[in-house]
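Scroll down for the structure; my scribbles are underneath it.
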Amino acid sequence: MSEIIDLRLFATLQKFNPVSPDTFAITPGVTVRDMLEQLGVPIEKAKLIFVNGLKKDLDVTLKGGERVGIFPPVGGG
Amino acid sequence: MKNKRIESLEKVATPRKFPDGATYRSISMAGTSQLALELGVSAREIDISALDRDIVPERYARNMKSFTTRDQKTLLESCVTVVGNGGLGGTVAETLARIGVGSLILIDGDSFEESNLNRQLFSTEALIDQPKAVAAADRITSVNATIQVTHHCCNLEDGNAHKLIAGSDVTADCLDNLPTRFTLQKASQTAGIPMVSAAVGGHSGHLTTIFPEDRGLELIFGPPEEAVNLKGAEQSLGNLPFTVTTVAALECAEIVKIILQKDSPLRNRLLIIDLNDYTFETLRLV
């Protein structure tokens, strides 16, 4: 059984966004790390991970219904 | 002396109306300059005394309604150090000068290059190869000659940072490299100065406020010893002028909030913007 999350990959990671990122299907219990690996996202680029607006790490598990944002920090001025 | 200043101010103040019809007393640039000359003090001091008497320097008339004369006086008595005078720093410095932050310290060791012309406010064709901090100081003086401007054509380093930022009420991180961002954070925290830190790349940018006791940049970029080797995503995204201007404007809004002690919405938070789809999200870092 799968659940839906609202996934957003920003900046350089945008190209890894699935077709309908706002209704992305996951298996409940999956970690953000596993999900990103399945999408082909280079893990070292996924520095900022936000679940429902809170900073989390790669090993946080998802159960479905979350808003997940992945952001590679930028440094330009 | 004080009485003479008040008397002179009352004499040059003229009644005017805001666009909504409300009346106020105004002092023109010429009035300020004349009194500064007569009384042997700086134009900024004249404007501060005027605001004390509820007389509005006309250059700040459109700040009123959103700010009180007391707020404007607080801004005029404040000092912000802008570190990096390129894309973010150019717009930040100019915006702060226009809104009336009274003292600006401008720090940048670089000179303009042709590739800066797409986004750096103070870069012009004529100023290629010229120092950014000098261009910034010249521009600020032409926009608002009452601002006390100090500029330093050098890079911020552990050895000079403490001295360069001394006396600031806020530091503005407008830098383009991580090691110097951490250097500025360390110096700001040691000196007890809040720092507003902004960064851009392509259509994206982020902004946060770091107080002396906060964990700050490591919450965004990881521990400093690892982060200094991190290549920011901007290296593969370039730098777009509308992103730079948007993030610089947000940085100024935050700086002014901190100075006026209204609030600091971005402390321990990260405002992320992505102009590809107009995302504006504020996320909790702790």
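Taking Cβ atoms as reference points and 12 Å as the exclusive limit, the residues near B:GLU77 contribute a net charge of -2, counting Lys and Arg as +1 and Asp and Glu as -1. How far is helix B:132-143 tilted, in degrees, relative to the longest principal axis of the Cα atoms in chain B, given as a value from 0 to 90 rounded to the nearest 10? Once rounded, one gets 30 degrees.
Using θ = phi - 60° in the Karplus curve 6.51 cos²θ - 1.76 cosθ + 1.60, the 3J(HN,Hα) couplings for region B:70-84 round to 5, 4, 4, 4, 4, 4, 5, 8, 9, 10, 10, 9, 9, 9, x Hz; x is entered for Gly and Pro.
If you run the Gaussian network model on chain B, springs between alpha carbon atoms under 10 Å, then out of B:SER26, B:SER103, B:SER115 the most flexible one is B:SER115. The residue among B:ALA61, B:SER49, B:THR32 whose Cα reaches farthest toward the positive pole of the charge dipole of region B:1-83, with charges on the beta-carbon of Lys, Arg, Asp and Glu, is B:ALA61. Mean per-residue shielding of peptide B:196-208 is 4, counting Cβ atoms of other chains within 10 Å of each Cβ.
The mean number of partner chain beta-carbon atoms within 10 angstrom of a residue's beta-carbon across peptide A:55-63 is 1. Across peptide B:269-276, the mean count of Cβ atoms from other chains lying within 10 Å of each residue's own Cβ comes to 3. Taken one residue at a time, the phi angles of region A:5-14 give Karplus couplings (6.51, -1.76, 1.60, θ = phi - 60°) of 10, 9, 9, 9, 10, 9, 6, 5, 8, 4 Hz. Gly and Pro are set to x. Over chain B, with a Gaussian network built from C-alpha contacts below 10 Å, which listed residue (B:ALA191, B:ALA22, B:ALA249) shows the highest mean-square fluctuation? Among B:ALA191, B:ALA22, B:ALA249, the largest mean-square fluctuation in the Gaussian network model of chain B belongs to B:ALA22. Relative contact order for chain B: what percent, with Cα pairs under 8 Å and sequence separation of 6 or more? Over chain B, the number comes to 14 percent. Compared with the dominant principal axis of the Cα atoms in chain B, helix B:178-191 is inclined by about 50°. Of the residues B:HIS152, B:HIS206, B:HIS162, the one with the fewest other Cβ atoms within 10 Å heads the list, and the complete ranking is B:HIS162, B:HIS152, B:HIS206. Over 26 Å apart at the Cα level, from the set B:LYS73/B:LYS132; B:LYS65/B:LYS163; B:LYS11/B:LYS73; B:LYS4/B:LYS65; A:LYS55/B:LYS257; A:LYS45/B:LYS257, are B:LYS73/B:LYS132; B:LYS65/B:LYS163; B:LYS4/B:LYS65; A:LYS45/B:LYS257. Per-residue ellipticity at 222 nm from helix content only, as computed over the protein assembly as shown with -39500 (n - 2.57) for each DSSP H run of at least four residues, stands at -10000 deg cm²/dmol. For B:THR91, neighbours were defined as the other residues whose beta-carbon sits under 12 Å from its Cβ, and their charges (Lys and Arg +1, Asp and Glu -1) total +1.
Per-residue Cβ neighbour counts within 10 Å put A:MET35, A:MET1 in the sequence A:MET1, A:MET35, beginning with the fewest.
Using only side-chain charges placed at the Cβ, +1 for Lys and Arg and -1 for Asp and Glu, the dipole size of the protein assembly as shown relative to its Cα centre rounds to 1200 debye. Among B:SER142, B:SER197, B:SER123, the largest mean-square fluctuation in a Gaussian network model of chain B (Cα springs under 10 Å) belongs to B:SER142.
Once you mark the trypsin sites (Lys or Arg not before Pro) that are in a DSSP loop and have at most 13 other Cβ atoms within 10 Å, what is the longest gap between them in chain B? Value returned for the longest uninterrupted segment is B:66-214.
Rule-based calculations on the coordinates, nothing more; no lab input. Please read these numbers as outputs of a predicted model, since none were measured by experiment. Virtual Cβ from ideal backbone geometry, glycine too; neighbours counted across all protein chains shown.
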